[in-house]
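A quick write-up on the structure given underneath.
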Amino acid sequence: MEGQNLREHLAEKYGTTKEDSIRAREQLTQLGQEVGFTFDYSDEMRMLNTFEAHILLEFAKEKGKQTDLKLRLFSAFFAEGKDISNREVLANELAAVGLDSESAITRLDDPNARLEVQQAEETWKNLGISSVPTVVFNRQSALTGAQPVEVYKQVLQELLA
């Protein structure tokens, strides 16, 4: 598996200590359990380049399966420890949600598809989005970091009021 060790990456980028990392993983695991998701963190987890996964998410959006693929990739990485930067893994995950993996994978070498994702990334960076998860509501407000379900409910209720 390629990429930097996740704990090392967080230490370099945010100054996170091992103890901070342990606490954050415990919190995320608990929050995941609240919504029926199992995080399976390990000391070997790697920070991966998800650029090609984002290209495939745009492909899936065209087919009405973006959420399905997003959830599948999330599970593949966080619950199953798969390398979602690997094209073979990506092809398998596409097929798992009923998408034509062969035509999707060819999209990865399309310069226009790559440019579209790069431009979208730049747009979000220019709007000040620099971390995941970040949930943006109507381009007016945002929540960053892992939040309990109750926080999302409160924000949505306030936006609907």
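The values are calculated or read from the model by the stated rules, or taken from the named source; none is laboratory data. These numbers come from a predicted model, not from an experiment. As a convention, Cβ positions derive from the backbone with ideal geometry for all residues, glycine included, and neighbour counts pool all protein chains shown.
Return the only residue of LYS61, LYS82 being without any contact (Cβ under 8 Å) to a residue 60 or more places away in the chain, surrounded by 13 or more Cβ atoms within 10 Å (Cβ to Cβ) and part of a helix (DSSP H, G or I).
Every option except LYS61 fails the conditions.
Listed here are the residues, each with its yes/no results for (1) assigned by TED's automatic domain parsing to the domain that holds GLN30; (2) under 15 Å from the mean Cα position of the chain (by Cα).
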{"site": "GLN119", "(1), (2)": "yes, no"}
{"site": "GLU122", "(1), (2)": "yes, no"}
{"site": "PHE137", "(1), (2)": "no, no"}
{"site": "GLN140", "(1), (2)": "no, no"}
{"site": "THR144", "(1), (2)": "no, yes"}
{"site": "GLU158", "(1), (2)": "no, no"}
{"site": "ALA161", "(1), (2)": "no, no"}
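Given the condition surrounded by 14 or more Cβ atoms within 10 Å (Cβ to Cβ) and either at negative phi or not β-branched (Val, Ile, Thr) (or both), answer yes or no: does some residue in the range 121-131 qualify?
The answer is yes, given that some residue of the range 121-131 is surrounded by 14 or more Cβ atoms within 10 Å (Cβ to Cβ) and either at negative phi or not β-branched (Val, Ile, Thr) (or both).
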| task | Filter the range 81-99 down to residues that are of a type in the set (S, T, N, Q) and under 17 Å from the mean Cα position of the chain (by Cα) and give me whichever is farthest from GLN4 (Cα to Cα). | result | ASN86
| field | Among the candidates ARG107, ARG46, residue that is more than 13 Å from the chain's Cα centre (by Cα), of a type in the set (Lys, Arg) and either outside the structural domain of GLU122 (by TED's automatic domain parsing) or closer than 19 Å to GLY3 by Cβ (or both) | value | ARG46
| task | Out of the residues in the range 23-41 that are surrounded by fewer than 14 Cβ atoms within 10 Å (Cβ to Cβ) and in contact with a helix residue (DSSP H, G or I) (Cβ under 9 Å, 6 or more places away or on another chain), state the one that is farthest from LEU69 (Cα to Cα). | result | GLU34
| Residue check for ASP100: among the charged types (D, E, K, R), touching a Leu at 6+ places or on another chain (Cβ under 9 Å) and free of Cβ contacts under 8 Å to residues at least 12 places away in the same chain | yes
| field | Given (1) out of contact with any Asp or Glu (no Cβ under 6 Å at 6 or more places or on another chain); (2) under 20 Å from LEU6 (Cα atoms); (3) of a type in the set (A, V, I, L, M); (4) touching a residue at least 24 places away in the same chain (Cβ under 8 Å), index of the condition LEU69 fails | value | (2)
| said: Scan the range 147-158 and tell me whether some residue there is more than 21 Å from GLY36 (Cβ to Cβ), free of Cβ contacts under 8 Å to residues at least 60 places away in the same chain and loosely packed, with under 13 Cβ neighbours inside 10 Å. | reply: yes
